[in-house]
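Structure first, then comments.
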Amino acid sequence: MTPTLTPPPETVSPPAADERCDRCNAAGKLRITLAGGSELVFCGHHANKYAEDLVKITVRYATDPEFSWRGADLMAN
């Protein structure tokens with residue numbers, strides 16, 4: 001049997017300090033990656049407001065270390 005190499009999972013980095021929310025232009029707190037590879041950045045307000053919808057389309061996510069995203073619990077379930 002030939003071993004198969006699996007690439008390491010891609011990592012998503014939290015939004016940089018200068019990145020802005022795609023919805024309102026506030027400071028980015030959450031970066032999500034969609035199945036097609038596109039990324040979106042959201043401020044804390046919009047990340048939590050749309051958490052239930054975002055978890056349905058998110059493949060990977062990263063948050064600012066000081067931000068607690070409501071969707072993280074939903075992603076774990």
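The values are calculated or read from the model by the stated rules, or taken from the named source; none is laboratory data. Because the structure is a prediction, the values reported are computed rather than measured. Here Cβ is always computed from backbone atoms with ideal geometry, including for glycine, and neighbour counts include all displayed protein chains. Note: areas computed on protein heavy atoms with side chains; ligands, DNA, RNA excluded. Shrake-Rupley method; radii C 1.70, N 1.55, O 1.52, S 1.80 Å.
Note on the chain: the alpha carbon radius of gyration divided by the globular reference 2.2 N^0.38 Å gives 1.22. Measuring with a 1.4 angstrom probe and ignoring ligands and nucleic acids, Asp64 comes out at about 30 Å² accessible. Just the protein heavy atoms count here, and of the accessible area of the chain at 1.4 Å, carbon and sulfur take up 52 percent. Taking amide H atoms as placed 1.01 Å from N in the peptide plane, the amide H of Arg70 has no partner under 5 Å among residues 5 or more positions away or on other chains.
Take the chain with all the other protein chains still there, run a 1.4 Å probe, and you get 70 Å² of accessible area per residue.
Measuring r between the beta carbons of Ser38 and Leu74 and using R0 = 25 Å, the FRET efficiency lands at 0.75.
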